[in-house]
Every structure is written in structure tokens, then in C-alpha cells.
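One structure is given below, encoded as C-alpha cells.
Only the coordinates and a few stated rules stand behind these numbers; no lab work does. Predicted model only: the values in this text are computed from it and were never measured. FYI the Cβ positions are ideal-geometry reconstructions off the backbone, even for glycines, and counts take in every protein chain you see.
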């Protein structure tokens, strides 16, 4: 099964694409599943998901494999979340063309992709995570998240010493001191009272 590759956003590092696999069976569930690969936030590509995506498309789902920026010296956290927010808005804007309902958009991620999916769903009201080029009038609604083996507590006791010595020195941690996924990618960072 071949995927239709479409650019959904432009970034300083280059264009970002979605790879759309349309339903291939007799059933069309009018549901979009945004599919995100793993790879420790630093490696991977949407094509790695094709066997799983194709199996889901055969069951009647429209699968949208999302390319997101990989973390590097030039790309810092929360870039992958910003990218998924843009892809989610792109799907909302193109729902009619994709043949999906806007109230049936699901995020499905593996490992780092699962973490990015959870962070995106949990921070929908955080405007500082929007790309300046996005149309903020387009909603970020998500019907469900499927998170396969997500790292959900990157600030365990084992990493606290590492975090303090390499990211903050002896200062108390705050959200603005470090932009790494290990230090700033915890759902605790965005916790509200």
C-alpha cells in the first residue's frame, strides 16, 4: 500500500510531511489516526510505521503518519509537540478531503511518539506550544490517544542528579532552564493546580 505524501508545515529545518494511507477495505470508519514513530526523539521516520499503518487502513481507518522534527543540537524540545499540534490542525482543516469526521481524530504513538501524543493531548490549551504560522482558530480536539510503551516519567530519581548537574547546575529546576525532552518533557512540567 502506498502512502500519499503531503507537506503540512514549513520549519527552518525544512518541510514536514504527513503520509496518508486511505482506507483500503470495504469499511470506511471516517476516523483519522495520526501515527507517530518512536526513536528516542532523535531518530526514526514515518515509513517505519507502514506495516502497522497499512493494517489499520485495511480495517477502514484513514492513517496519517506524521513526520516531526527530531531533537538535535539545532532542534530542541518541545519541537515535536509543536509539530504534532500543527499536523493535528492540518488534519482538522483537511477533514473533508480526507473523508474523516473532526470528532474522530485519534493520536497513536510508539515510545517517543507515544510520549509526544500524550503531551500534545494534555497540553491543548498551552498557546506557547503553537507554531506562529498555525491558525489558532482551528481546534486541537483529540478523540483518543493510543500510547504504546510511552516514557511518561522521564524525571525519575535516577535522572534527577543528571538533570541538576548538566542542565541546571545547582539552581532549582524551572521550565525555562532546559529544553531537552529528558528534563522538560515530563507531563509534570505542564501540571496545573
Using a basic spin-label model with each label point 7 Å from the Cα along Cα→Cβ, how many nm lie between residue 43 and residue 74? 1.9 nm
Project the alpha carbons of region 41-86 onto their principal axes and report the range along each, largest first, in whole Å. 39, 19, 9
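With a 10 Å Cβ neighbour count serving as the proxy for reagent exposure, in which order, fewest first, do 8, 61 appear?
Working: 8 20, 61 27.
With the sparsest Cβ surroundings first, the list reads 8, 61.
I'd like the FRET efficiency for residue 149 and residue 97, computed as 1/(1 + (r/R0)^6) with the beta carbon distance as r and R0 of 25 Å, rounded to 0.05.
Details: r = 33 Å, r/R0 = 1.30.
For R0 = 25 Å, the calculated efficiency reads 0.15.
Could you tell me the ratio Rg/Rh of region 52-148? Both radii from Cα atoms, Rh via Kirkwood. List each step's numbers first, then the result.
Details: Rg = 13.3 Å, Rh = 13.9 Å.
Reported Rg/Rh, Kirkwood definition of Rh: 0.95.
What ranking do 31, 13 get, fewest neighbouring Cβ atoms within 10 angstrom at the top? Kindly include the intermediate steps, with their values, before the conclusion.
Numbers: 31 21, 13 12.
If I rank by nearby Cβ atoms, fewest first, I get 13, 31.
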Please rank 111, 2, 117, fewest neighbouring Cβ atoms within 10 Å first, as an exposure proxy. 2, 111, 117
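If you stretched the chain out fully between residue 141 and residue 125, how much longer would it get, using 0.36 nm times the residue separation minus the C-alpha to C-alpha distance?
Numbers: separation 16, 0.36 × 16 = 5.76 nm, distance 1.03 nm.
Net length gain for the segment: 4.7 nm.
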Among bridges DSSP assigns within region 4-152, what percent are antiparallel (round to 5)? 45 percent
For region 17-54 and region 67-97, what is the separation of their Cα centres, given in Å? 14 Å
Expressed as a rounded percentage, what relative contact order does region 1-44 have, with Cα pairs under 8 Å and six or more residues apart? 27 percent
